[in-house]
Amino acid sequence: MRKATISISALVAAATLVLTGCGSDAGTGNTTSAAANSPAAGATTASETATGETSTGAESSASSAGSETSASSAGSESSGAGVTGKVGVILPDTTSSTRYTLYDAPLLTAAFKDAGVEADVQNAGGSTAKYTTIAQSMIGAGVKVLIMDSIDPTSGAAVEAMAKKAGIQVIDYDRVNLGGSADYYVSFDNELVGKLQGQTLVTCLADAKITDPQIIEMDGGTDVDNNAVLFKSGAQSVLKPLQDQGKLKIVSDSVVKGWNVNEAAPTFTQALTANGNKVDGVLAANDDIANAVIGVLKAKGLAGKVQVTGQDSGVVGLQNILNGNQCMTVFKNVKLEAEAASKLAIALIKGEDPAAAGIKVASFDDPKGKRTMKAVLLTPQVITIKNVQDVVTAGALTAAQICKGIEAKCTAAGVK
Ligand code: BGC
């Protein structure tokens, strides 16, 4: 399936800045070289000042699987003014990535609060049964729009069918339910995420002067999540041609099924052992898988010698980068994703055509459902030790959050 880059009025500026600020091909999709680093991209979202909500919300919701965070609708002068109608948001789990409690829950809550629209943001804690129960109760409570980040597309599509029957509009958030019935999709350019991982891994290996590198791939939940499929295909589009030219070798390709991070360390250990404990680079799909890989590498005295990728720019991933154990992560500014989803939801509640409301959507093909969805796909950014500060500048995390316990590393890397 293909995707296109789109924007929502306020997002246009940020997205444009991503491209201009990069000074490289990162983010354009037009990526042929291995130079995917974008150290200058701090300009990206300099205007996004971040909210105390990010950190506070993250802490307060850290243990909130299945719990409720409500943003009330008092007094607003923003785009949701005058909107009556509640929005339900369901996130998938709290363990496959720290993003859901660190970023998504607080930022979605804040986006609706700022717009003056009532939102019920919940997390299914990895249980499809719980997901369905939450959805049923939101539908019963009369939500006008349901924003769904599904556990898998089958259970997701079933919930969508229930919502549709009740006349509720659905936005697929971050993960698309192929074969489902939602008309809208808000996410990042996920194939580009994978490309950036592949390209930066190649750059890191070259910078470390490793020739003929042997690479282990640690994919995410390709069995449950189309994003994981796109991450993999984006990375393969970079690595496979290099393998064909004899420049590197992918020694194994493992899947962390269901994004179950508990499986990541044993899966990686097996791949590493099968290759006689030899590995130069690990294409890890996200920071949580990377962290499990780094744990195994540490136990074998290999951490820091092996180039490891990641994704999500959570605290642990960034600390692994600053400690020299991970060579990159992908920063997907969830604030922009949450704002895009909230603006779209508000337009739908108002019965406005998103385009008329200044939301630019592009087409996204769902080959399984043989249909075309309307999508907003944002641009991801590479983070290496050279530009960790960009995450702070964008307001996603504070230096204090990132640097706790590793202050000297932060000083050395210019993170403040
Ligand atoms: C998200 C990633 C996340 C992964 C595991 C994907 O769908 O896009 O950000 O790391 O799921 O939760």
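The values are calculated or read from the model by the stated rules, or taken from the named source; none is laboratory data. Note that the structure is a prediction, hence the values are computed from the model and not measured. Cβ sites come from the backbone with ideal geometry, for glycine too, and all protein chains shown count toward neighbours.
Would you mind stating whether Lys144 is basic (Lys, Arg) and more than 21 Å from Glu352 (Cβ to Cβ)?
Answer is no for this residue.
If you scan segment 245-278, which residues turn out to be out of contact with any strand residue (DSSP E or B) (no Cβ under 6 Å at 6 or more places or on another chain) and of a type in the set (Asp, Glu)?
The one that is out of contact with any strand residue (DSSP E or B) (no Cβ under 6 Å at 6 or more places or on another chain) and of a type in the set (Asp, Glu): Glu263.
Would you check which residues across segment 155-198 are free of Cβ contacts under 8 Å to residues at least 24 places away in the same chain and either in a helix (DSSP H, G or I) or in contact with an Asp or Glu (Cβ under 8 Å, 6 or more places away or on another chain) (or both) and list them?
Here is the first cut: in segment 155-198, the residues free of Cβ contacts under 8 Å to residues at least 24 places away in the same chain are 160-161, 164-165, 167.
Once the filter is applied, which keeps residues that are free of Cβ contacts under 8 Å to residues at least 24 places away in the same chain and either in a helix (DSSP H, G or I) or in contact with an Asp or Glu (Cβ under 8 Å, 6 or more places away or on another chain) (or both), segment 155-198 yields Glu160, Ala161, Lys164, Lys165.
Go through segment 234-249 and give me each residue that's part of a helix (DSSP H, G or I), surrounded by 14 or more Cβ atoms within 10 Å (Cβ to Cβ) and charged (D, E, K, R).
Selection gives Lys240 alone.
Any residue in segment 284-299 that is under 12 Å from Thr267 (Cβ atoms) sitting within a Cβ distance under 7 Å of a residue that is within 10 Å of the ligand (Cβ to nearest atom) and in a helix (DSSP H, G or I)? List the pairs, counting only those 6 or more apart or interchain.
As it stands, the answer is Ala285/Ala228; Ala285/Phe231; Ile289/Val261; Ala292/Val261, since those pairs meet every condition given.
If Ala166 passes every condition in (1) within 11 Å of the ligand (Cβ to nearest atom); (2) more than 26 Å from Lys335 (Cα to Cα) but one, which one does it miss?
So Ala166 meets the others, but not (1).
Among (1) over 22 Å from Gly116 (Cα atoms); (2) surrounded by fewer than 17 Cβ atoms within 10 Å (Cβ to Cβ), where does Val330 come up short?
Every condition holds for Val330 apart from (2).
For segment 209-227, how many residues are touching a strand residue (DSSP E or B) at 6+ places or on another chain (Cβ under 6 Å) and not in a loop (DSSP other than H, G, I, E, B)?
Number of matching residues: 6.
Quick one: Tyr185 ticks every box in (1) within 16 Å of the ligand (Cβ to nearest atom); (2) of a type in the set (Ser, Thr, Tyr); (3) within 26 Å of Ala265 (Cβ to Cβ) except a single one, so which number is it?
(3)
Per-residue answers, yes or no, for (1) outside the structural domain of Leu102 (by TED's automatic domain parsing); (2) among the aromatic types (Phe, Trp, Tyr); (3) more than 24 Å from Val238 (Cα to Cα):
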residue: Val306; (1), (2), (3): yes, no, no
residue: Thr309; (1), (2), (3): yes, no, no
residue: Asp312; (1), (2), (3): yes, no, no
residue: Val315; (1), (2), (3): yes, no, yes
residue: Ala341; (1), (2), (3): no, no, yes
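Give me a count of the residues in segment 259-298 that are at positive phi, surrounded by 23 or more Cβ atoms within 10 Å (Cβ to Cβ) and more than 24 Å from the chain's Cα centre (by Cα).
Within segment 259-298, residues that are at positive phi, surrounded by 23 or more Cβ atoms within 10 Å (Cβ to Cβ) and more than 24 Å from the chain's Cα centre (by Cα) number 0.
Taking segment 271-292, which residues are within 16 Å of the ligand (Cβ to nearest atom) and either farther than 12 Å from Met218 by Cα or among the acidic types (Asp, Glu) (or both)?
Matches in segment 271-292: Asp287, Asp288.
Taking the options Ser97, Ser150, Ser137, name whichever one is at pLDDT 95 or above and more than 16 Å from the ligand (Cβ to nearest atom).
Ser137
I'd like to know if segment 223-230 contains one or more residues that are in the same structural domain as Lys195 (by TED's automatic domain parsing), in contact with a helix residue (DSSP H, G or I) (Cβ under 7 Å, 6 or more places away or on another chain), farther than 24 Å from Ala105 by Cβ and not acidic (Asp, Glu).
no
Can you name every residue in segment 368-400 that is touching a residue at least 60 places away in the same chain (Cβ under 8 Å), surrounded by fewer than 19 Cβ atoms within 10 Å (Cβ to Cβ) and over 19 Å from the mean Cα position of the chain (by Cα)?
Scanning segment 368-400 gives Lys368, Gly369, Lys386.
Of the conditions (1) away from the ligand (no atom under 14 Å from the Cβ); (2) crowded, with 24+ Cβ neighbours inside 10 Å; (3) farther than 20 Å from Gln199 by Cα, Asp225 fails just one. Which one is it?
Among (1) away from the ligand (no atom under 14 Å from the Cβ); (2) crowded, with 24+ Cβ neighbours inside 10 Å; (3) farther than 20 Å from Gln199 by Cα, the lone unmet condition for Asp225 is (1).
Given the conditions (1) over 28 Å from Asp287 (Cβ atoms); (2) at pLDDT 95 or above, report the number of the one that Lys343 does not fulfil.
Checking Lys343 against (1) over 28 Å from Asp287 (Cβ atoms); (2) at pLDDT 95 or above, the one that fails is (1).
Can you tell me which residue is surrounded by the fewest Cβ atoms within 10 Å (Cβ to Cβ) among those in segment 401-411 that are over 13 Å from Val316 (Cα atoms) and touching a residue at least 12 places away in the same chain (Cβ under 8 Å)?
The selected residue is Lys409.
Inside segment 303-337, can you point out the residues that are among the small types (Gly, Ala, Ser) and more than 16 Å from the ligand (Cβ to nearest atom)? Can you show your working first?
From segment 303-337, those among the small types (Gly, Ala, Ser) are 303-304, 310, 313-314, 317, 324; that's our starting set.
Matches in segment 303-337: Ala303, Gly304, Gly324.
Would you check which residues across segment 201-222 are surrounded by fewer than 22 Cβ atoms within 10 Å (Cβ to Cβ) and either away from the ligand (no atom under 16 Å from the Cβ) or assigned by TED's automatic domain parsing to the domain that holds Ile151 (or both) and list them?
Listed by number, the residues that qualify are Thr203, Ala206, Asp207, Ala208, Lys209, Ile210, Thr211, Asp212, Gln214.
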